Amino acid sequence: MIKDNFGRPVLNLRISVTQRCSMRCPYCHREGQETKAEDSAIEMDTTEIIRIAKVAIELDIRKIKITGGEPLQRDDILDIVEGIAKLQGLQDLSMTTNGTFLASMAKDLKIRGLMRVNVSLPTLKEDVYRGLMGGSLTDVLEGIHASVNAGLYPVKINMVVLADVNENEVYDMIKFARESNALLQLIELEPINLSQTYYRQHHYPLDKIEAELTSHALRIEVRPNMQNRRIYHLTDGRVEVIHPTENTEFCAHCTRLRVTSDGKLKPCLMANDNLIDVLTLLRKGGTDEELRKLFTVTCRRREPYYKKGAIQVT
Ligand code: SAM
């Protein structure tokens, strides 16, 4: 197992497979990647993605999430899923998606080896959804139901809570998730790749919601290898809260490493001054041993962002 200089084990890899996306969510952090789709024609190919996953698994990183951009925009996404799913030692393979193409793809994703899925859904109101994201809410809802029916488990709904947009929909969303056999995650807006104006206008601190949930909860579960996130078990459902901003506990328990869609290892979602290019090594015929070394170097560059206590808003 690899650990960073702060004693944090690295257990999860989040691989961004593209910057392309069919949506235009104004809050999107693009997984902290600075390059936009139009600036970044470089994408890792199927084999390169699977090779990086293989080396990560050899280093005891057993949980992999495919992200983007929108992963389902890639024509080879089923091959990527299958290639990673077949790797010896993998424990968990998931994907985060905007859900637009899920209705037609959920079954095939499951057959090829995807275990579970997270679907971004900030609102249950068709007009708000269209205005915010530019897509169809109906498609996404069908995608969620298709994923549940295909046996992807759990299906999680990712709701970024935005002031003046959807903060009054939290309890409707808890009900919707329960009725859909899905699990709800409330995510605090993170100040990454956003303008200061947008962040100030729409950041909704989740402390208030957490205080409310604490007073209703039958039980509160803490996820130690997942940034000590809390799951609130309520009489009528459950909800997980992802509350990273200014949260030193969140960073102290972070076990993630990332790969950008253009093939760079990324030690922290919030930082871009410490990336390590692995794609060039792969394209030059580098060995697995050399690749493992780059993972180790990247791991040493990991440091808890909110030990610094400063928010960088562009
Ligand atoms: N297109 C895919 C999707 O919609 O899930 C994958 C990419 S998206 C960047 C991955 C996750 O990041 C989604 O769950 C989304 O809700 C979340 N996310 C995007 N921007 C965010 C922000 N500024 N703060 C917190 N979470 C954010």
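To the nearest whole percent, what portion of all C-alpha pairs in the chain is separated by more than 33 angstrom? Provide the component values of the computation, followed by the final result.
Numbers: 9865 of 49141 pairs.
Summing the P(r) tail past 33 Å for the chain gives 20 percent.
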| task | Going by C-beta contacts inside 10 Å, put Ser120, Ser195 in order with the fewest on the left. | result | Ser195, Ser120
| query | Once amide H atoms are built 1.01 Å from N in the peptide plane, which residues 5 or more positions from His203, or in another chain, come under 5 Å H to H? | reply | Ala163
| task | Can you tell me the order of 150-156, 132-138 when each peptide is scored by its average per-residue count of other Cβ atoms within 10 angstrom, highest first? | result | 150-156, 132-138
| request: Note the angle between two axes, namely the Cα long axis of helix 46-58 and the longest principal axis of the Cα atoms of the chain, as a number of degrees from 0 to 90, rounded to the nearest 10. | output: 90 degrees
| query | Label-point separation (nm) for Asp92 and Glu246, each offset 7 Å from Cα along Cα-to-Cβ? | reply | 2.9 nm
| request: Provide the per-residue ³J(HN,Hα) series for segment 118-133, in order, calculated from phi with Karplus coefficients 6.51, -1.76, 1.60 and θ = phi - 60°, each as a whole number of Hz, with x at glycine and proline positions. | output: 10, 10, 6, 8, x, 8, 9, 9, 3, 5, 5, 4, 4, x, 7, 9
| request: Quick one: work out Rg over Rh on the C-alpha atoms of segment 98-176, Rh as Kirkwood radius. | output: 0.99
| message | For Asn193, what residues show an amide H to amide H distance below 5 Å, using hydrogens built from the backbone and excluding near sequence neighbours? | response | Thr314
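What's the exposure ranking of Val165, Val148, Val297, Val140, going from fewest to most Cβ atoms within 10 Å?
With the fewest neighbours first, Val165, Val148, Val297, Val140 line up as Val297, Val148, Val165, Val140.
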| What is the distance in Å between the Cα centres of segment 145-204 and segment 29-100? | 22 Å
| query | Which angle from 0 to 90°, rounded to the nearest 10, does the C-alpha axis of helix 170-179 make with the longest principal axis of the chain? | reply | 80 degrees
| Inter-site label distance for Glu221 and Asn274 at 7 Å from Cα along Cβ, in nm | 3.1 nm
| request: Quick one: angle between helix 137-150 and the longest Cα principal axis of the chain, in degrees between 0 and 90, rounded to 10, please. | output: 70 degrees
| For the chain, what is the calculated [θ] at 222 nm in deg cm²/dmol (nearest 500), taking -39500 (n - 2.57) for each run of four or more DSSP H residues and dividing by its residue count? | -9500 deg cm²/dmol
| request: Multiply the residue separation of Thr235 and Lys208 by 0.36 nm, subtract the distance between their alpha-carbon atoms, and state the gained length in nm to one decimal. | output: 7.8 nm
| message | Give me P(r) over segment 140-270, computed from all C-alpha to C-alpha distances, binned every 5 Å, as integer percentages. | response | 2, 9, 17, 20, 19, 18, 11, 3, 1
| message | Can you return the lysines within cross-link range of Lys284? Criterion is Cα-Cα under 29 Å, with same-chain partners fewer than 8 residues away left out. | response | Lys3, Lys36, Lys54, Lys63, Lys65, Lys86, Lys264, Lys266, Lys293
| task | Could you work out how far apart the two model spin labels at Glu48 and Asn168 are, taking each label as a point 7 Å from the Cα in the direction of the beta carbon, and quote it in nm? | result | 4.8 nm
| Inverse mean reciprocal Cα-Cα distance (Kirkwood Rh) of segment 201-314, Å | 16.5 Å
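No lab work stands behind these numbers, since they all come straight from the coordinates. These figures come from a predicted structure and were not determined experimentally. A quick note on method: Cβ atoms are made from the backbone with ideal geometry, for glycine too, and the neighbour counts reach across all protein chains shown.
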